[in-house]
1. Taking the stated definitions as given, is residue A:174 more than 9 Å from every other protein chain (Cβ to nearest Cβ), open to solvent by 10 Å² or more (accessible area, probe 1.4 Å) and within 16 Å of ligand 1 (Cβ to nearest atom)?
2. Among the strands (runs of 3 or more DSSP E) confined wholly to the range B:173-212, which include 2 or more residues that are touching a Ser or Thr at 6+ places or on another chain (Cβ under 6 Å)?
3. How do the strands (runs of 3 or more DSSP E) wholly within the range B:215-314 filter down when requiring 2 or more residues that are open to solvent by 30 Å² or more (accessible area, probe 1.4 Å): which remain?
4. Just to check your reading of the model, which residue among A:115, A:169 is β-branched (Val, Ile, Thr), at pLDDT 95 or above, closer than 15 Å to residue A:65 by Cβ and part of a strand (DSSP E or B)?
5. Has the range B:99-106 got any residue that is away from ligand 2 (no atom under 16 Å from the Cβ) and under 30 Å from residue B:182 (Cβ atoms)?
6. Anything in the range A:115-154 that is under 19 Å from the mean Cα position of the chain (by Cα), open to solvent by less than 10 Å² (accessible area, probe 1.4 Å) and of a type in the set (Gly, Ala, Ser)? List them, or say none.
7. Out of the residues in the range A:155-171 that are open to solvent by 30 Å² or more (accessible area, probe 1.4 Å) and more than 9 Å from chain B (Cβ to nearest Cβ), state the one that is farthest from ligand 1 (Cβ to nearest atom).
8. If I ask for residues that are basic (Lys, Arg) and in a helix (DSSP H, G or I), which ones from the range A:44-83 would you list?
Amino acid sequence: MKNAEKKRVLREMLFARRFEERCYEAYVERNIGGFLHLYPGEEACAFGVLEAAQPGHDYVITSYRDHVHAIKSGSDPRRVMAELFAKETGVSKGRGGSMHIFDVANRFMGGYALVGGPFPLAAGIAKGIQMQGGDEICICFLGDAANNQGTFHESLNMAALWNLPVLYVCENNLYGIGTRIDRSTAVIDQYKRVSGYNIPSAQEDGQDFDLVYKAASKAVKHVRSGKGPYFLELMTYRYRGHSMSDSNAYRAKKEERMWSGRDPLIILRDRLIEAGELTKEEFKDMDTEILDEIEDEVIRFATDSPEPPVSEVEQFVLAENDPWVRGGVK
Amino acid sequence: MAEIMYWEAIRRAHDEEMANDPMVIAMGEDIGVVGGTYKATTGLYDKYGEDRVIDTPISENGYTGLGIGASFLGVRPIIEIMSVNFAWLAMDQIFNTAAKVRYMSGGQLEAPVVIRSPGGTAHQLGSQHSARMEKVFMGIAGLRVVTPSNPRQAYGLLKSAVRCNDPVFINEHELMYNMKGAVPDAEYFHPLEGSEVARQGRDVTLFGYNISVHWCLQAAEQLSKDHGIEAEVIDLYTLSPLDREGIRNSVSKTHRAVIVEEAEPAVGVGAEVMAIINEECFFELDAAPLRVSALNIPIPYNHALEKAALPNAGDVVEAVRKMFGV
Ligand SMILES: Cc1ncc(C[n+]2csc(CCOP(=O)(O)OP(=O)(O)O)c2C)c(N)n1
Ligand SMILES: [Mg+2]
């Protein structure tokens with residue numbers, strides 16, 4: 001990837017960081033309700049993988065920590081924020097919320113709240129791709145703790161058995177809420193757990209965009225070429241609590257400091273500065289521009305948008321006027 | 001109109017729908033090479049191949065979720081869960097994904113899957129193979145639930161369910177796969193909503209579904225013979241959404257109602273139909289409605305105990321006699 005391209009990615013990653021931080025504020029201001037899970041610290045994972053894939057063409061599915069994956073898949077950030085603000089203009093028309101961002105036009109197949117739920121859905125999307133005969137792949141991003149669900153094993157088995165074009169990306173941030181991985185999981189290295197299903201896998205530093213991009217390029221190529229599923233484990237860290245209701249009191253300060261020193265934005269920024277592609281001032285300007293954009297466009301749009309009409313509360317439960325409900329009679 | 005068995009009717013619906021649309025697939029445990037525990041997919045593996053007639057691993061939540069995910073892309077899976085008792089393991093994907101995805105995506109995604117499973121008690125299969133779960137499925141918004149009482153319905157309901165864009169759960173019955181009945185020779189799509197009058201009557205309405213329709217019909221004959229009571233039998237082949245209009249119409253005519261369910265009474269079909277009667281036509285009633293249900297116990301293995309746990313036609317007759325004081 002050329003440095004100029006990386007500069008674009010850095011800007012997108014910075015946008016994602018500021019977007020999430022603004023969500024935090026909006027939550028405190030009570031413009032966002034419910035559960036809110038933020039992504040700061042983990043940006044290189046989504047960006048490295050999706051830069052190596054074809055967002056909008058490939059299908060993406062993930063958990064509740066889903067805003068950034070949707071935006072990188074092509075969702076309009078204004079409509080993602082509007083969803084968080086529970087507005088009719090939100091990607092899911094205000095019916096989904098933070099944990100249920102959907103943007104099917106961009107092949108972002110949703111954020112799901114049940115830990116491990118998307119594993120089989122991703123395999124199924126891959127089955128659909130296989131039946132249609134296209135060259136798309138399905139990319140499923142989930143956390144480390146999700147791998148202790150039965151769906152992990154059930155889905156890996158079926159994906160391998162039926163040679164499905166699915167890339168499982170494990171964002172290993174070392175915690176499932178407040179439980180550290182070594183207290184919940186017998187095998188710490190997640191990429192080793194898939195060998196029982198004959199699925200090729202790799203582990204990579206999830207803080208370094210370049211490394212993620214390289215590892216993901218290999219993974220995507222494998223899956224797209226028809227060789228079946230692949231599992232990519234990315235070692236990362238979230239800089240905030242699990243969700244807004246999390247005290248975040250369970251992590252050692254030393255550990256947090258160590259990971260703050262490995263901020264994916266800073267790593268990429270410094271590399272570009274060193275290469276002469278970027279100056280500190282340019283980066284600052286970029287940041288100011290992004291902050292303005294978020295305030296003037298994203299937040300304004302979400303604030304000014306209408307809420308869904310209460311009269312439509314029963315819409316979207318079942319298909320409307322489906323003729324087969326009446327036995328095919330129109 | 002040929003007389004065919006319930007399982008043959010289901011097999012025919014599979015075959016026609018798979019021939020009609022290459023995106024229709026069948027999946028489940030032992031449905032391919034073996035042809036299905038109750039033969040409902042016999043011969044389809046040879047005809048359509050292993051990519052469309054899929055023998056799954058024993059991973060109920062996994063393969064149900066896989067079918068749901070595939071349906072997002074326009075695949076139309078017919079998923080067989082070998083016994084409804086095993087459907088508990090797939091509840092996460094059925095309820096949390098299939099039933100909710102249209103709503104929580106603001107109408108962007110739908111999950112047009114069909115999930116079929118034998119849902120009643122057979123003989124001496126013990127507690128863990130005798131669950132009746134229709135009450136569980138029918139309580140969930142976003143899911144359609146139908147339950148065929150004869151081969152014609154089994155055929156036509158599956159045909160419509162495959163084409164409908166909603167997730168549909170089809171509650172079949174282990175004891176009914178060998179039941180014979182007339183099925184139209186021409187292609188036939190049964191409505192997914194409504195109810196049928198299985199027997200006309202004027203004195204009392206017996207509400208049944210799936211196997212209990214047959215208990216109601218037997219009871220109605222006996223009541224006619226022994227007491228001159230002419231019972232109307234309503235076949236509630238749709239459990240969700242229940243046919244409020246059909247329930248109201250019949251009770252407004254007979255002014256009495258007995259609901260017959262194979263499951264335990266709590267939070268069940270009987271309770272729900274009674275609530276609808278209350279809401280729709282309370283002042284039409286000449287007597288308090290009754291329900292005939294299973295005992296509220298796990299199903300025993302011992303033959304006599306098992307029989308005691310489940311309702312039958314005699315219990316329906318007793319209930320009606322009590323209601324009429326005869
Ligand atoms: C089936 C289920 N069980 C429990 C929860 C509560 N819960 C939400 S997130 C979470 C931790 C998941 O951790 P991980 O998979 O590592 O993802 P991360 O949040 O770290 O990105 C738990 C226990 C849930 N949402 N779903
Ligand atoms: Mg985690």
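1. Details: more than 9 Å from every other protein chain (Cβ to nearest Cβ): yes; open to solvent by 10 Å² or more (accessible area, probe 1.4 Å): yes; within 16 Å of ligand 1 (Cβ to nearest atom): yes.
Against the criterion (more than 9 Å from every other protein chain (Cβ to nearest Cβ), open to solvent by 10 Å² or more (accessible area, probe 1.4 Å) and within 16 Å of ligand 1 (Cβ to nearest atom)), residue A:174 qualifies.
2. Values: elements: B:180-183, B:196-199, B:204-208.
The qualifying strands (runs of 3 or more DSSP E) are B:204-208.
3. On the way: elements: B:231-235, B:238-240, B:257-260, B:290-292.
Because the criterion is at least 2 residues that are open to solvent by 30 Å² or more (accessible area, probe 1.4 Å), the strands (runs of 3 or more DSSP E) in the range B:215-314 that meet it are B:290-292.
4. Values: A:115 fails: part of a strand (DSSP E or B).
Unique residue meeting the criteria: A:169.
5. Restricting attention to the range B:99-106, the residues satisfying the condition of being away from ligand 2 (no atom under 16 Å from the Cβ) are B:99-106.
Then keep just the ones that are under 30 Å from residue B:182 (Cβ atoms); that gives none.
The answer is no; no qualifying residue exists.
6. A:116, A:117, A:122, A:123, A:124, A:126, A:146
7. To start, the set of residues in the range A:155-171 that are open to solvent by 30 Å² or more (accessible area, probe 1.4 Å) comprises A:157, A:160-163.
Still in the running and more than 9 Å from chain B (Cβ to nearest Cβ): A:160, A:163.
Values: A:160: 21, A:163: 26 Å.
Top of the filtered list is A:163.
8. Going residue by residue through the range A:44-83, those that are basic (Lys, Arg) are A:65, A:72, A:78-79.
Matches in the range A:44-83: A:72, A:78, A:79.
The values are calculated or read from the model by the stated rules, or taken from the named source; none is laboratory data. Given the structure is predicted, the values throughout are model-derived calculations rather than measurements. Note that we place each Cβ from the backbone using ideal geometry, even for glycine, and neighbour counts take in every protein chain shown. For accessibility, only protein heavy atoms count, side chains too; no ligands or nucleic acids. Shrake-Rupley method; radii C 1.70, N 1.55, O 1.52, S 1.80 Å.
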